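Let me begin by presenting the structure, written as structure tokens, before commenting on it.
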Amino acid sequence: MTQSWDPDLQIIQGFHAHVYFTPQTRPAAARLREAVGQTFAVTLGRWHDAPVGPHSQPMYQIAFAREDFGRLVPWLMLKREGLSVLVHPVTGDDYGDHATSCLWLGPPLPLHLDVLRQAREA
């Protein structure tokens with residue numbers, strides 16, 4: 001049976017996973033990055049070795065299609081090597097996507113949501 005998306009969910013254009021690391025965990029993040037790139041049709045964002053935007057730690061982004069959520073997210077659950085990963089939809093509302101419509105794999109990290117809130121209000 002083919003499952004179609006609920007019409008209310010059509011607002012979801014895709015997903016982002018933000019993989020956070022420290023200097024000590026960067027090798028684990030690199031292994032994860034290589035494995036996800038070899039296993040899935042994703043777009044890997046560049047390394048951010050310093051906090052950027054709402055992110056309070058260094059990270060890189062994995063962009064993926066909504067159709068891949070059911071395979072990629074469970075894979076990340078098992079393969080993330082203890083790294084914190086933020087997964088959120090891409091709906092056009094960056095604040096809502098990061099603040100209320102997200103899920104965390106591993107310990108949640110603080111986000112600087114004021115950056116996104118100001119952009120939303122502008």
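The values are calculated or read from the model by the stated rules, or taken from the named source; none is laboratory data. Since the model is a prediction, treat every value here as computed from it, not as a measurement. Cβ: placed from backbone, ideal geometry, glycine included. Neighbour counts: every protein chain shown. These accessible areas exclude ligands, DNA and RNA; they are computed on the full protein's heavy atoms, side chains included. Shrake-Rupley method; radii C 1.70, N 1.55, O 1.52, S 1.80 Å.
Just a few scattered comments:
- Between the stretch 94-113 and the stretch 35-52, the alpha-carbon center distance in angstrom: 18 Å
- Residue-count net charge about His55 - beta-carbon cut-off 14 Å; Lys, Arg +1, Asp, Glu -1: -3
- Protection proxy ranking for 90-103, 8-21, using the average of other Cβ atoms within 10 Å per residue and placing the highest first: 8-21, 90-103.
- Among the DSSP helices (H) of the chain, none spans at least 20 angstrom by Cα along its long axis with an average Kyte-Doolittle hydropathy of -0.5 or more; this is a geometric and hydropathy rule only.
- Student exercise, the chain dipole from Lys, Arg, Asp, Glu Cβ charges, in Debye to nearest 20: 480 debye
- For the chain, the mean residue ellipticity at 222 nm estimated from helices alone is -9500 deg cm²/dmol, where every DSSP H run of n ≥ 4 contributes -39500 (n - 2.57) and the total is divided by all residues, rounded to the nearest 500.
- Accessible area (Å², per residue) of the chain, counting only protein heavy atoms and a probe of 1.4 Å: 58 Å²
- The stretch 55-108 - percent of accessible surface contributed by carbon and sulfur, probe 1.4 Å: 54 percent
- Relative contact order of the chain, defined on C-alpha pairs under 8 angstrom at six or more residues apart (%): 31 percent
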